[in-house]
Structures are given as C-alpha cells and as structure tokens.
Amino acid sequence: MIFQRALRRELLSAAGATFTVLFSIAVTWTLITILGKAAGGKVASSDVLALIVFAALNYLPTILILTSFISVLMVVTRSYRESEMVVWFASGLSLSRWIAPVLSFGLPMVALTAALSLVATPWAKHKSAEYIERFEKREDLQKVSPGQFKESAGSNRIFFVEGVSGKTAVVQNVFVNTVDEKGTAVIVAREGVITTDAKGQRFLVLKNGRRYQGMPGKADFQTMEFESYSMRVASRAQELGSELNVDAMTTPDLFEEPNNFTRAELLWRIASPLSCLVLILLAIPLGFVNPRAGSSANLIIALLIFVTYSNLIKVVEASVKQGRMSFALSWWPLHLAAAFAVFLLFAWRLNLNHRYHPLVLFAALKRGRHRKEAAVS
C-alpha cells in the first residue's frame, strides 16, 4: 500500500534524526565523564576510546526505546496538525489501521533492543569493568603519569616521576613520599626499575639517590645516600573478573545463579523490549492534537510517561532485589497495566461519538450549564 510505504519512510526519517540527537548527547556526556576519569588517573588514557564505545553500548537500549517512541509520536502528531487525519477518517478508515505499518517499523526496533539488552549490554559492561580492573591492578609506578603526583594503592605513598618507560617499567627522576609508624620518609632517585624476585614479589629498585626520614616537627632527621635501594611495591594479584558484577553477567549465567540480585537484573533486561513495544503502540493514540490549536504538549507528556515508566520498572526491580516481591509475580503486571492503558486510549480515540465518551459527556454537561444560565437570565 502506498500509504504504508510512505509512512514507513517518514518513520525511518524521524527515527534517524531523533537517534542522531540522542546518541550525540549520550556520547558527548560519556566523553566528558571518561576524559575526567582519565585526567584524574582513574582509567588509563589508552583505554579511553574503548571505554567510550562500551558506555555507548550501555546507553543504546534506552536511546532506541526513546527514539522509537518519539518517532511514532512525531509522525502521528504531524498528520493531525496538517489535517491528514481528517482525510483519513473521512475516508472511513480507523486509527487502528495505523497499528500494522507502525509495527512493521517498530518490531525491528524491539528486536534490536532485546538483542542489545540481553547480549550486547552485559558484554560491554563486562569489558568495561575488565579494563578498569586491569588498570587498578597495575603496580603503583606503572600507573604514574609523568609530571603528576599519584597516590599508591595502600594510600601511604605518593609518587612523582619526570619520565616513564611503560614497556620496560623504568622511571626517571623519582620522588617517593612514604608515611608509616616510623614517621615520614622522602626518597629521591635518578632512576627506578620494577623487578620480581624468586617468590613473585614485586620490588621497586631505586638507583643513585637519597633518603630522608624522621618525624615532622622534630630535628632528628636521618639522611642517607645510596646507589641501590629496594622498595616493595604493593600488588593485587587476584584474578581478573573474579568479582563480576551482576549487571556484567551474561543472560544464561543469570538463569544458572538464581538469587534476588540476578532475578532483578533479569527483570530489567526483559523490561527493555517490552517497554519499547508498549510505548510504540501508546504513541499512536497519544499523538492526537487539535489541528486548530497552535501548539501541543504531546512531546512533554511523552517524556513524562517515559520517565515514569522507567522509574516504575526501577521500583519493581528494587523490590525484587530486596526480596519484597517474587520474580514470577513482578516482571509482567506493570507491562500488562501499560498495555491495558494503551487499549483504553485506543478505545477512547476510536469512539469519539459514543454517548458515554468523556468528551461527549463533558460537552453535554457544558451545554446543560449554558441552558441553566440562559434560563436564569
């Protein structure tokens, strides 16, 4: 049908524009956040691009849901404003005839949202956590950037170096400030290198330097020059991925480890495609606007509905996580209620001339009030 093909093209065009705007905002916000972490030494500068890609994958399900919802709403609203719906209804066609072409556009979006939510997003979170964990488990000096003061993993040392050779673990012009029960020790050296002994313990070997030790406020500081000075470097040797977060687990693993946290995460992943489908159908009757009116608040209402729907899903997820609700009785009632609301809104729009329709009842009430006022006057 020509109408369906034209409608699908318009929906795809609106979706492309909406997705571009939302995705650009999400990537820009992610870029600022990750660059701030890299500048603060929380992530490696070489991992910034990969972390941005992983974060973008995490945002994609939400962006696709909002894109599909807004796209359908914008197209339906435009049809009302330009009086195309007047011609549509005058031709004897119903609003329900929009469901098939809208679903032909929306079902691929639902399928893509399901794939991202169930497969791609957990993988991205797992890889992102792995990158961050790998950086945190690097030895103290390997995390030092030239020209910056860095705190050690044990929070009792501060390092400063002028040059770093990451491949050979050699640093130049080293400054180390250590605070312990013996007081404060300051070490300066021209060069340092990380070595491993027979037991696998890591040591920082400083060469050609001085060591100053004493208690602040007292005059009994000790000074020592050395050609070689060994300092043990704290290392966290636990295996990568040993403490995997629930949101980074694969969907099959969530089924294999049934507990409140895995069930809550599974509920959130299932909710993404279901909410996408419900919101796409909701946008059809919600797009109604009076063509004689100057502006419409439909988009604001749509955003409020989206935020409310997402927050209610979060509330149900928190209830499952805390054990107040069972998974079997929590994943479907909210979506069923939303689908029923869509059905009621369709019924409202399809039966505008019914005598029990709210608008008809309101108009009758208004006419009765005018008659009374005329009779009194």
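Out of curiosity, is residue 115 over 30 Å from residue 289 (Cα atoms) and free of Cβ contacts under 8 Å to residues at least 60 places away in the same chain? So residue 115 fits the description; yes.
For segment 253-268, state whether one or more residues are closer than 30 Å to residue 86 by Cα and buried (at least 20 other Cβ atoms within 10 Å of the Cβ).
First, the residues of segment 253-268 that are closer than 30 Å to residue 86 by Cα: none.
No, segment 253-268 contains no residue that is closer than 30 Å to residue 86 by Cα and buried (at least 20 other Cβ atoms within 10 Å of the Cβ).
Looking only at residues that are under 16 Å from residue 232 (Cβ atoms) and not small (Gly, Ala, Ser) in segment 182-195, which one is surrounded by the most Cβ atoms within 10 Å (Cβ to Cβ)? Among those residues, the one meeting the criterion is 187. Look at segment 119-136: where a residue is over 15 Å from residue 57 (Cα atoms) and a partner is buried (at least 16 other Cβ atoms within 10 Å of the Cβ) and modelled with pLDDT of 85 or more, sitting 6+ places away or on another chain with Cβ atoms under 6 Å, you get 131/47. Do we find that residue 23 is without any contact (Cβ under 8 Å) to a residue 60 or more places away in the chain, aromatic (Phe, Trp, Tyr) and assigned by TED's automatic domain parsing to the domain that holds residue 274 in this structure? The answer is yes for residue 23. Output yes when any residue across segment 53-65 is under 25 Å from the mean Cα position of the chain (by Cα), part of a helix (DSSP H, G or I) and surrounded by fewer than 16 Cβ atoms within 10 Å (Cβ to Cβ), and no when none is. Yes: segment 53-65 contains one or more residues that are under 25 Å from the mean Cα position of the chain (by Cα), part of a helix (DSSP H, G or I) and surrounded by fewer than 16 Cβ atoms within 10 Å (Cβ to Cβ). Going by the structure shown, is residue 290 at pLDDT below 85, under 24 Å from the mean Cα position of the chain (by Cα) and surrounded by fewer than 20 Cβ atoms within 10 Å (Cβ to Cβ)? So residue 290 fails the test.
Quick check on residue 103: is it in contact with a Lys or Arg (Cβ under 7 Å, 6 or more places away or on another chain) and in contact (Cβ under 8 Å) with a residue 12 or more places away in the chain?
On the way: in contact with a Lys or Arg (Cβ under 7 Å, 6 or more places away or on another chain): no; in contact (Cβ under 8 Å) with a residue 12 or more places away in the chain: yes.
Here the answer is no, as residue 103 does not meet what is asked.
Residues of segment 112-131 being closer than 14 Å to residue 67 by Cα and surrounded by fewer than 22 Cβ atoms within 10 Å (Cβ to Cβ), which ones? Explain how you work it out, then say what you get.
Filtering segment 112-131 for residues closer than 14 Å to residue 67 by Cα gives 112-113.
Across segment 112-131, the qualifying residue is only 112.
One residue stands out among those in segment 34-44 that are without any contact (Cβ under 8 Å) to a residue 40 or more places away in the chain and not charged (D, E, K, R): the one that is surrounded by the most Cβ atoms within 10 Å (Cβ to Cβ), which is 34.
Of 301, 270, which residue is in a helix (DSSP H, G or I), of a type in the set (A, V, I, L, M, F, W, C) and modelled with pLDDT of 90 or more?
270
Screening 87, 48, 76, 27 for residues that are surrounded by fewer than 14 Cβ atoms within 10 Å (Cβ to Cβ) and in a helix (DSSP H, G or I) leaves exactly one candidate, 87.
Residue check: is residue 280 at pLDDT 90 or above, in contact with a Gly (Cβ under 8 Å, 6 or more places away or on another chain) and in the same structural domain as residue 130 (by TED's automatic domain parsing)?
On the way: at pLDDT 90 or above: yes; in contact with a Gly (Cβ under 8 Å, 6 or more places away or on another chain): yes; in the same structural domain as residue 130 (by TED's automatic domain parsing): yes.
Taking the combined requirement at face value, the residue satisfies it.
Being within 27 Å of residue 338 (Cα to Cα), crowded, with 16+ Cβ neighbours inside 10 Å and modelled with pLDDT of 90 or more, is that true of even one residue in segment 240-247? Looking through segment 240-247, none of the residues is within 27 Å of residue 338 (Cα to Cα), crowded, with 16+ Cβ neighbours inside 10 Å and modelled with pLDDT of 90 or more. Close contacts from segment 208-224, counting a first residue that is more than 16 Å from residue 176 (Cα to Cα) and a second that is acidic (Asp, Glu), with Cβ to Cβ under 7 Å and a gap of 6+ residues or different chains, come to none at all. Looking at 186, 171, just one residue is modelled with pLDDT of 70 or more, in contact with a helix residue (DSSP H, G or I) (Cβ under 7 Å, 6 or more places away or on another chain) and in a strand (DSSP E or B), and that residue is 171.
So that you can scan it fast, the table gives a plain yes or no per residue for (1) of a type outside the set (A, V, I, L, M); (2) touching a residue at least 40 places away in the same chain (Cβ under 8 Å):
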residue	(1), (2)
274	no, yes
287	yes, yes
299	no, yes
318	no, yes
333	yes, no
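The values are calculated or read from the model by the stated rules, or taken from the named source; none is laboratory data. No experiment lies behind these values; they were computed from the predicted model shown. Because the Cβ atoms are built from the backbone with ideal geometry, glycine has one as well, and the counts that use them run over all protein chains shown.
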